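Each remark here refers to the structure printed beneath this line.
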Amino acid sequence: MDLVGRNVADAVTPPRYQRKEFQILTENDMRRVLEYAKNTPYYALYFLALFTGMRRSEILGLRWGDVDFIFTQISVARSLHHLRNGQFIFRQPKTAKSRRLIALSPAAALALNEHRKNQETICKHIGKELSDDDLVFCQNEGGPLLPDTVTRAWVRMMDKLGLKGVRLHDLRHSHASQLLKQGIHPKIVQERLGHSSISVTLDTYSHVAPGLQRAAAERFDEVMNGWSEDTANEKIH
């Protein structure tokens, strides 16, 4: 706006962006976590986080109307945030890609269905009928769960399992890494996670790339192996 002679921010050297370190659970650790979580109030929540890669805020903002048991999918349409003043607010996804449909595996659909039955039992005891507007994960009276309470319960569980330092958000990373290792196309992984672009997905999980590169080279060699054998036979004859 030409109100000052120069932009003093031009003289500042900004710090380089440091990507946060995260840990990936092994297949065995995933089973251990879920088995231990069965004895906690958050079993279905942790199960869903691992099997869908959803963010904590997205899971806590989920309503039963967002869960389609017929087509076994979840509609991510909002997220829950707890402000410093104690107020809960629901926000729209920050990007268009974050608003998405996530297919549920049979195991995830079963876990959610069992969780719904438990909620219906609780509602009957307090004289209430479960509706589509009710939160999937909530307190007994229907109010939102405190995000920090869910995270603290996770941290305690990790300490007891000897997995100290593994964050709740690392379930999201574990989900994505396992899909990529299984050969799922990165575009599908991007859509499930709600990343703004496929480059974000590839950059975030570049540590998986060496294994994918090796597998791709071996697969191509398998395809061309018949050709190389035919060529060798032609030379012999």
Could you pull out the residue among Val155, Val150, Val166 that is within 20 Å of Glu58 (Cα to Cα) and touching an Asp or Glu at 6+ places or on another chain (Cβ under 9 Å)? Val166
The lone exception for Leu171 - which of (1) touching a residue at least 12 places away in the same chain (Cβ under 8 Å); (2) of a type in the set (A, V, I, L, M); (3) in a loop (DSSP other than H, G, I, E, B) it fails: (3)
Checked segment 184-205 for anything in a helix (DSSP H, G or I) and buried (at least 21 other Cβ atoms within 10 Å of the Cβ); matches are Val189, Gln190, Arg192, Leu193, Thr201
If I filter segment 124-148 down to residues being outside any loop (DSSP other than H, G, I, E, B), modelled with pLDDT of 95 or more and more than 18 Å from Phe47 (Cβ to Cβ), which single residue comes out as farthest from the chain's Cα centre (by Cα)? Pro144
Going through segment 78-107 in order, the residues found to be hydrophobic (A, V, I, L, M, F, W, C) and under 15 Å from the mean Cα position of the chain (by Cα) are Leu101, Ile102, Ala103, Leu104
Apart from one, (1) hydrophobic (A, V, I, L, M, F, W, C); (2) surrounded by fewer than 16 Cβ atoms within 10 Å (Cβ to Cβ); (3) within 17 Å of the chain's Cα centre (by Cα) all hold for Leu110; the odd one out is (3)
Checked Thr52, Thr95, Thr26 against criteria (more than 18 Å from Thr201 (Cα to Cα), of a type in the set (Ser, Thr, Tyr) and either crowded, with 17+ Cβ neighbours inside 10 Å or at pLDDT below 95 (or both)); the one match is Thr26
Restricting attention to segment 6-26, report how many residues are in a helix (DSSP H, G or I) and either of a type in the set (D, E, K, R) or on the phi > 0 side of the Ramachandran plot (or both). 1
Yes or no: segment 193-207 includes at least one residue that is under 22 Å from Glu58 (Cα atoms) and in contact with a Gly (Cβ under 8 Å, 6 or more places away or on another chain). yes
Taking the options Lys187, Lys164, Lys235, name whichever one is modelled with pLDDT under 80 and of a type outside the set (Gly, Ala, Ser). Lys235
Take the conditions at pLDDT below 95, in contact with a helix residue (DSSP H, G or I) (Cβ under 9 Å, 6 or more places away or on another chain), closer than 19 Å to Ile74 by Cα and surrounded by fewer than 17 Cβ atoms within 10 Å (Cβ to Cβ) and apply them to Leu101. Does it pass? no
Here are some conditions: (1) part of a helix (DSSP H, G or I); (2) more than 20 Å from Leu112 (Cβ to Cβ); (3) within 16 Å of the chain's Cα centre (by Cα). Val166 meets all but one. Which one does it not meet? (1)
Based on what the data block shows, is Glu21 of a type in the set (D, E, K, R) and more than 18 Å from the chain's Cα centre (by Cα)? no
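The values are calculated or read from the model by the stated rules, or taken from the named source; none is laboratory data. For clarity, every value in this text was computed on a predicted model and none was experimentally measured. Cβ sites come from the backbone with ideal geometry, for glycine too, and all protein chains shown count toward neighbours.
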